[in-house]
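First the structure, in the form of structure tokens, and then the observations on it.
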Amino acid sequence: MDVVSQLQRQFVEHATSLYREGYLDDQFTQLLKLQDESNPDFVVEVVSLFFEDTEKLLNNLTTALQQESIDYKQVDAHVHQFKGSSSSIGAQRVKNVCVVFRNYCDEKNLDGCLVCLEQAKNEYLLVRNKLEALFNVSL
Amino acid sequence: MSIEYFEEEDVPHVLAVDDNLIDRKLVEKLLKTSSCRVTTAENAMRAMEYLGLKENQQQNHLNGNGRKVNMIITDYCMPGMTGYELLQKIKESAVLKDVPVVIMSSENIPNRINECLEKGAERFILKPVKLADVKKLRRQLTKC
């Protein structure tokens, strides 16, 4: 098997396991479909944007939840953004944490929010590692 | 000069409005993949400025051909002015009321959807937006 086919097969195998384990959902496939000769780095670009954006969001959330008097509307606004971006790139497990997180915001439940923040950070790091490994395979 | 504009007229020009950076990039790519020229705006105010809808702006057809828009696709939830409010402003405008407006939202709320459709939105799309959604819109644009 030539190198290109081998790499493609590795990519597919690797990606398949990420879908199976729930890290990625069908929306990630949509991103892959949009990549073509005119924009060969599209997926890497979008995913990189997602990483940058998420780092900022997580910092903002951490700060917002450390305040004396917490503005749950503001926290919810951040989580809404996070839910949106993770959903748009197909980061399913991150998105699912965001759904629960928003419920805790509605209830103004600080403990719940703090647990979700930790979970969100963990899921983000997990999917980040997986995606970085995936792209290393395809290069 | 006029030949360039003629060729550009063949490709639909879409204004995409969304406060989320990733969503903006995704929608832009989806539209470009479907052979549209795309201008993006990060909120409704910027969109209104672009469209010439802000209070002190003159509304006129001669406002540069580059500004002519065949469709507007906007997120519903945005800080400041919502997509619904933007839809209202567009429908109130003599110049822009016939431009199709598509609303996107991550939340499946029937009241919200009905409200938008009743206000004259062309279509309501649930996020995350997919290629099939945009292809459907594109087919509609060629009929205009």
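Structure notes:
- Hits in the range A:97-111 (condition: under 17 Å from the mean Cα position of the chain (by Cα) and touching a residue at least 24 places away in the same chain (Cβ under 8 Å)): A:Val97, A:Arg102
- Count of the range A:103-127 residues, restricted to those that are surrounded by 18 or more Cβ atoms within 10 Å (Cβ to Cβ) and of a type outside the set (Asp, Glu), is 8.
Yes/no matrix, rows are residues, columns are (1) touching a residue at least 12 places away in the same chain (Cβ under 8 Å); (2) buried (at least 17 other Cβ atoms within 10 Å of the Cβ); (3) over 17 Å from B:Tyr50 (Cα atoms):
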position	(1), (2), (3)
B:Glu92	no, no, no
B:Val101	yes, yes, no
B:Pro110	no, no, yes
B:Leu117	no, no, yes
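- Qualifying residue in the range B:82-94 (condition: within 14 Å of another protein chain (Cβ to nearest Cβ) and at pLDDT 95 or above): yes
- Among (1) within 14 Å of another protein chain (Cβ to nearest Cβ); (2) modelled with pLDDT of 95 or more, the one test that B:Ser34 misses: (2)
- Residue within the range A:15-24 that is touching a Gly at 6+ places or on another chain (Cβ under 8 Å) and either more than 9 Å from chain B (Cβ to nearest Cβ) or modelled with pLDDT of 95 or more (or both) present: yes
- Looking only at the range A:84-108, and only at residues there that are facing chain B (nearest Cβ under 10 Å) and polar (S, T, N, Q), the one that is nearest to A:Glu132 (Cα to Cα): A:Ser86
- Among the residues of the range B:20-31, those that are at the interface with another protein chain (Cβ under 8 Å from one of its Cβ atoms) and touching a residue at least 40 places away in the same chain (Cβ under 8 Å) comprise B:Asn20, B:Asp23, B:Leu26, B:Leu30.
- Residue that is surrounded by the most Cβ atoms within 10 Å (Cβ to Cβ) [pool: residues in the range B:74-90 that are within 12 Å of the chain's Cα centre (by Cα) and closer than 22 Å to A:Val99 by Cβ]: B:Gly83
- Per the listing A:Gln81, A:Gln35, the residue uniquely within 14 Å of chain B (Cβ to nearest Cβ) and at pLDDT below 95 is A:Gln35.
- Output for the range A:98-118, where each listed residue is β-branched (Val, Ile, Thr) and in contact with a Cys (Cβ under 9 Å, 6 or more places away or on another chain): A:Val100
The values are calculated or read from the model by the stated rules, or taken from the named source; none is laboratory data. Quantities reported herein were computed from a predicted structural model and do not represent experimental measurements. Don't worry about glycine lacking a Cβ; one is built from the backbone with ideal geometry, like all the others, and counts go over all protein chains shown.
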